[in-house]
1. When you count, for each residue, the other Cβ atoms within 10 Å and take the mean per peptide, how do B:102-113, A:82-93 rank with the highest first?
2. Taking the Cβ-Cβ separation of A:Ile3 and B:Phe97 as r and a Förster radius of 22 Å, what is the calculated FRET efficiency to the nearest 0.05?
3. Given the options B:Val87, B:Val47, B:Val125, state which has the largest fluctuation in a GNM of chain B using a 10 Å cut-off (strictly under) for Cα springs.
4. Pairs A:Lys74/A:Lys119; B:Lys32/B:Lys90; A:Lys119/B:Lys45: which are spaced more than 18 Å apart, C-alpha to C-alpha?
5. Return, ordered by residue number, the residues of the stretch B:35-52 whose backbone nitrogen is under 17 Å from a label point located 7 Å along Cα→Cβ of A:Glu40.
Amino acid sequence: MKIGTRMRTAVAAVLSLALSGCFTMNHTFPPNTQFGRRPEGAVGVRPTADNGMKNYLLAGLFPWSRFGTDDLAKDPGPGRQLADVEIETQFNWMDIVIWIIPGQYYGYYVWAPRHVGYKAVVIENGDEAVAATR
Amino acid sequence: MSRRSLAWCLMLLLPMVGSGCFTVHHVYHGDKLLTNGPGLERPTKVVRHFEVSDRQFFWLHGYIPTGEALNGLELAATQAGEHPGVVNLKLKEGQDFTDLVISHVPCILSFVCGTWSTWVEGDVVEYTDAPLAGR
């Protein structure tokens, strides 16, 4: 292999790794969501759930436009919170087809999808307010 | 079909068969209160801030996960220790630079193996009307 080719390969590898080091998903939920035990006195109102395909450009460096990147969980409204939250992230068959079909290596960097879903229960906390932390 | 074509087909099909298996569940059914809000149902004070992460290794694009399953909420609850809960909880997952190097270089673009991580950050709190442990 010529030195120039080696250099190009090395630069491409370094760039790819540098660009793809940001493939992280923040699981953002409405304020005061309860992920563990419910607060005392909380009453379940209704179950809620959603799932969607999250799409990323350059292996996660950028969200792919706004398509599929909005927060799944919506604010349940005043006086209400989400509780008993379960989050599931899956690299399912559709994700891998999308990853492979555009051409393994470059496909992954151009379009990197994941399927994310959540299940929760909307609760009402009665007349108790969320206490501030000092 | 030549041997090379067959090898390519197998390489493409194998991860597709197993790809539905690499699933991360963040769920907690214990007695700790975990919230992304600023406080619990009673006044609290921050005991300490924490930032922790966990990493899972898998074979064949997630077909064979190894070790303990990733679970950011369990990780946060563990941090609470003997205290009642965690506030200002932030949860994320994905691949950092180390995951990318492992998955793309020795694991050959994550076909052979790879790693996936989860990160949690928050404040462990104690009720202000409860005595601190050890005092």
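Laboratory data are not the source of any read-out in this text; all were calculated from the coordinates shown. Computed from a predicted structure; not experimentally measured. Here the Cβ positions follow ideal geometry from the backbone for every residue, glycine too, while neighbour counts run over all protein chains shown.
1. A:82-93, B:102-113
2. 0.25
3. B:Val47
4. Pairs exceeding the cut-off: A:Lys119/B:Lys45.
5. Hits in the stretch B:35-52 for A:Glu40 at 17 Å: B:39-45.
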